[in-house]
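Readers should treat all values here as calculations from the given coordinates under stated rules, not as data from a laboratory. Just so it is clear, the model here is predicted, and its values are computed rather than measured. With ideal geometry, Cβ positions are generated from the backbone for all residues, glycine too; neighbour counts draw on all protein chains shown.
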Amino acid sequence: MSLEHKALGYRPPPGSLASEAQAAAAKHPELTSSEVDASALREAALGDAARIETERGTSPPTKAITSGIDLDRIGLADARKLMSEEHKALGYRPPPGSLAADAQAAAAKHPHVTDQSIDAHTLTVAALKDAARIASERGATGAKKSPTLPASYNASIEDFAL
């Protein structure tokens, strides 16, 4: 199953990036994909999935990969770290539907996935971004403080506003 398939939730239609790549690979079986940048492919697949959903008049996919974190490949330790960071930012346990809650549910559903140790900076930024989204949706009630990035990250939470 391609990443685009996972992001869409259904098989990519003809003309999509995934279907075109598969057709090209079938025509040239002698070529290998050893020199492919995985992050560039991920970005391209998600961009194409968003384009397809926009053309169909539906909202772009957001659950499979969020803020650069692939929920189908997150390990239990990274999910716990994400929950901890988002909890600290909000001042209370992240609610159902939050990135942290979705990550923990996904990690529990995929116990065979080994911890890939997602970069701590990536987890922190994703947690702060989602905490800002939750705080804005809830009117920032109940939060101890507004989520902010440590000075060492050279960014502010406004850089991640939805």
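Going down the list 88/129; 6/129; 6/109, which pairs span over 20 Å between their C-alpha atoms? Checking Cα-Cα distances, 6/129 exceed 20 Å.
Spacing of the modelled spin labels on residue 20 and residue 138, each 7 Å from Cα toward Cβ, amounts to 4.3 nm. Would you mind counting up the charge near residue 130? Only other residues with Cβ under 10 Å from its Cβ, with Lys and Arg at +1 and Asp and Glu at -1. With Lys, Arg at +1 and Asp, Glu at -1, the neighbours total -1.
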